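Let me begin by presenting the structure, written as structure tokens, before commenting on it.
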Amino acid sequence: MKPARGFALAIVLWAIAITAIVLSATQISAWRQAASGRETLGQIRAKWAARAGVEQMIATLQSSTRTGTPVSTKDLLSRFAQRAEGSVFSASYAVLTGDNGRPVPGVGDAHAKLNVNLLTQADLLLLPNMTEEIAAGILDWIDDNEDTRSNGAEADVYASLAYAYEPRNFPVQRLAELELVSKVDRTFVRGLDENLDGWVDATEADSETLGTITLTDLGWSGILTASSVSGGLSPTGEARIDLVTASAGDVASAAGVDAAQAEGIVSWGRQPNANMADFIRADLSTLATRAFTAEGRTGRNRPQIPANLTRAQLASLLDTCWIGDPTQPWPGKLNINTAPREVFEYISALDPTTREALVAFRDSSAGQIESIADLLDVAGMTRNRVATLSLLFDVRSNVFEFTSVGRDETTGLTVELRVELDRSTLPVTIRSMVQR
């Protein structure tokens, strides 16, 4: 009997052990499932908190564009910074941008950098790590033909690679695209900013380096952009008028000019190769006379030669009118009000004297220059010079970029959304939003 009892006891103990193991495994599985559920829920809360930050920035940008009264880019950036933090349920968000390689609350201005699609070879050669081969290759990548520049690269070069591809032959869409250009190294574009978020963090450099970060440590990404766009709405949020198709009455109403001036403006705007800079370069009476002559309007058929535009009328004309389709996006100009001093050094059209005069004029206005026509007040500046610079500079920005970081307060999990917003049309457009 004793052996039987011993066997029964062993069976009971074995069963208890198996039950304990099963219960333990069940508990571990349940704990893991609960932890996984908490983590999933935490990620969802963090993501939607980050999205709440994005929506706050959209609302700020949209309301500032719809006001009917121009809001300067400097003031708009200040509004962004004031609304850069918030909370939603059990999560919070922080909107960040880069400032000289360091993260700060707020939104960055894409127009504070030079748009690579507007640069000449002379401009490109001013960039760090640039060579004549790379500069020519970038221009070949952007232009719309297959003609290879001296030292450049077109389709045949890229077809010979192990993993062949074709050049875009169109404006660059994202700055990282430059890494596809022949001879361009990834570090030229990114510098220490490996993830291109606008600043260098502890995952990208050691603590000693972080204390000495400057704009040039970001590579070309600290100086260049491909995101900015010109044109679009006027500073008051209204659609711009196309001088090619507008009536003189439309122009008179929008720009605050009289009937004769409006007739001259429209006539010049319809001339081949006319552009808005022409109204800065020459008096309206001169342009109108040329336009009327070109149209064969002589003698009694010629309208009254208009009076020249006042400074206020010129500024209004530049704000409200356009030559060509105003909804067609064009590479963005540099905002003279927000661009760092260092960025001006990479514009070959600016000699040191002119560069210092422009920066001094900008600084004296606290970054509140209201019209590109105001550059006529810069010492030594001529109308022709300002007209040329108006092809490079603006005083208003359309595209803004930032990182919205959502944090779940329960788990500490975070989600980052890298975002570009464009207000050249309303409602505001999300040009890109990438989760990290």
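Roughly how many Å is it from the Cα centre of the stretch 224-275 to that of the stretch 351-366, as a whole number?
The two parts, judged by their Cα centres, are 28 Å apart.
Once a ≥ b ≥ c are taken as the square roots of the eigenvalues of the Cα gyration tensor of the stretch 259-412, is the result rounded (a/c under 1.5), prolate (a/b larger than b/c) or oblate (a/b not larger than b/c)?
It is prolate, given that a/c is not under 1.5 and a/b is the larger ratio.
Just to confirm, what accessible area per residue do you get for the chain at 1.4 Å probe, in whole Å²?
For the chain, the per-residue accessible area is 49 Å².
How much of the accessible area of the chain, in percent, comes from carbon and sulfur atoms when a 1.4 Å probe is used?
Carbon and sulfur atoms account for 55 percent of the accessible area of the chain.
Going Cα to Cα from residue 333, which aspartates and glutamates come in below 12 Å? Please leave out same-chain ones fewer than 8 positions away.
Hits, sequence-local ones excluded: 109, 394.
For the chain, build the convex hull from the C-alpha positions and give me its volume per residue in Å³.
208
Round to the nearest 10 and give me the degree value, 0 to 90, for the angle of helix 352-364's Cα axis relative to the longest principal axis of the chain.
Around 70 degrees separate the two axes.
How much length would be gained if the chain were fully extended between residue 176 and residue 194, taking 0.36 nm per residue of separation minus their Cα-Cα distance, in nm to one decimal?
5.4 nm
What does the highest-first list of 331-340, 316-325, 372-381 look like by mean Cβ count within 10 Å?
The packing order, highest mean first, is 331-340, 316-325, 372-381.
Rounded to the nearest 0.05, what FRET efficiency is calculated for residue 435 and residue 87 with R0 set to 22 Å and r the Cβ-Cβ distance?
Calculated value: 0.65.
Whole Å is fine, so just give me how far the alpha carbon centre of the stretch 145-200 lies from that of the stretch 390-415.
Each part reduced to its Cα centre gives a spacing of 25 Å.
Can you tell me, using C-alpha contacts under 8 Å and at least 6 residues apart, the relative contact order of the chain as a whole percent?
The normalised contact order for the chain reaches 23 percent.
Quick check on packing: order 302-313, 113-124, 231-242, 393-404 by the mean number of other C-beta atoms within 10 Å, highest mean leading.
Highest-to-lowest ranking by the protection proxy: 393-404, 113-124, 231-242, 302-313.
Which angle between 0 and 90 degrees, to the nearest 10, do you get for helix 311-320 versus the longest principal axis of the chain when only C-alpha atoms count?
Helix 311-320 and the main axis of the chain meet at about 50 degrees.
Using heavy-atom solvent-accessible surface (probe 1.4 Å) with all chains present, what is the largest-first order of 96, 41?
Per-residue accessible area, sorted high to low, gives 41, 96.
When Rg is the radius of gyration of the Cα atoms in the stretch 189-253 and Rh is its Kirkwood radius, what does Rg/Rh come to?
We get a ratio of 1.38 for the stretch 189-253.
Highest mean first, what order results for 415-421, 214-220 on Cβ atoms within 10 Å?
With the highest mean Cβ count within 10 Å placed first, the list reads 415-421, 214-220.
Among 249, 198, 299, determine the one that fluctuates most according to a GNM of the chain built with springs between C-alpha atoms less than 10 Å apart.
Per the Cα network of the chain with a 10 Å cutoff, 299 tops the list.
The values are calculated or read from the model by the stated rules, or taken from the named source; none is laboratory data. These figures come from a predicted structure and were not determined experimentally. All Cβ positions, even for glycine, are placed from backbone atoms using ideal geometry, and neighbour counts span all protein chains on display. Just the protein is used for accessible areas: all its heavy atoms, side chains included, with ligands, DNA and RNA removed. Shrake-Rupley method; radii C 1.70, N 1.55, O 1.52, S 1.80 Å.
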